[in-house]
Amino acid sequence: MSVLDTFKLEGKTALVTGCKRGIGKAMAIGLAEAGANIIGVSASLELTGSSVAKEVDAKGKKFSAYQCDFSDRKALYTFINQVKKD
């Protein structure tokens, strides 16, 4: 049994903040490699065609993009309601 077998996420969905670049992007890709679909959010994330979306898609997983500035409470609640709706 490999260490990746311990962390299989098939059938799960992970919400990754700050996923446009850096650690957030690496986490989104790593979670997709482990089998999770990804809900990606960043204040400046492209809603279609982002590099992280392309990499997650290449892993055979679904990527859903959202924009939200978490320092804006109203925007945060709008984001939460939209994710629940979707």
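The values are calculated or read from the model by the stated rules, or taken from the named source; none is laboratory data. This is a predicted model, so every value here is computed, not measured. Quick reminder, even Gly has a Cβ in these numbers, built from the backbone with ideal geometry, and neighbours come from all protein chains shown. The protein model used for the area step is the full one, side chains on, heavy atoms only, and it has no ligands, DNA or RNA in it. Shrake-Rupley method; radii C 1.70, N 1.55, O 1.52, S 1.80 Å.
Couple of notes before you dig in:
- Pair list, Cβ under 8 Å, 6 or more apart: segment 45-58 residue of a type in the set (Lys, Arg), other residue assigned to a loop (DSSP other than H, G, I, E, B) and open to solvent by less than 70 Å² (accessible area, probe 1.4 Å): none
- Of all residues in segment 28-42, those satisfying the criterion of being farther than 22 Å from VAL3 by Cα and either under 9 Å from the mean Cα position of the chain (by Cα) or open to solvent by 40 Å² or more (accessible area, probe 1.4 Å) (or both) are ILE39, GLY40, VAL41.
- Test: ALA75 is without any contact (Cβ under 8 Å) to a residue 24 or more places away in the chain and either closer than 12 Å to THR13 by Cβ or out of contact with any Phe, Trp or Tyr (no Cβ under 9 Å at 6 or more places or on another chain) (or both): yes
For (1) crowded, with 18+ Cβ neighbours inside 10 Å; (2) modelled with pLDDT under 95; (3) assigned to a helix (DSSP H, G or I), each residue gets a yes or a no:
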position: LEU47; (1), (2), (3): no, no, no
position: VAL52; (1), (2), (3): yes, no, yes
position: VAL56; (1), (2), (3): yes, no, yes
position: GLY60; (1), (2), (3): no, no, no
position: SER64; (1), (2), (3): no, no, no
position: PHE70; (1), (2), (3): no, yes, no
position: THR78; (1), (2), (3): no, no, yes
position: ASN81; (1), (2), (3): no, no, yes
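- Single residue of LYS25, LYS20 found to be in contact with a strand residue (DSSP E or B) (Cβ under 7 Å, 6 or more places away or on another chain), surrounded by 18 or more Cβ atoms within 10 Å (Cβ to Cβ) and farther than 22 Å from LYS84 by Cβ: LYS20
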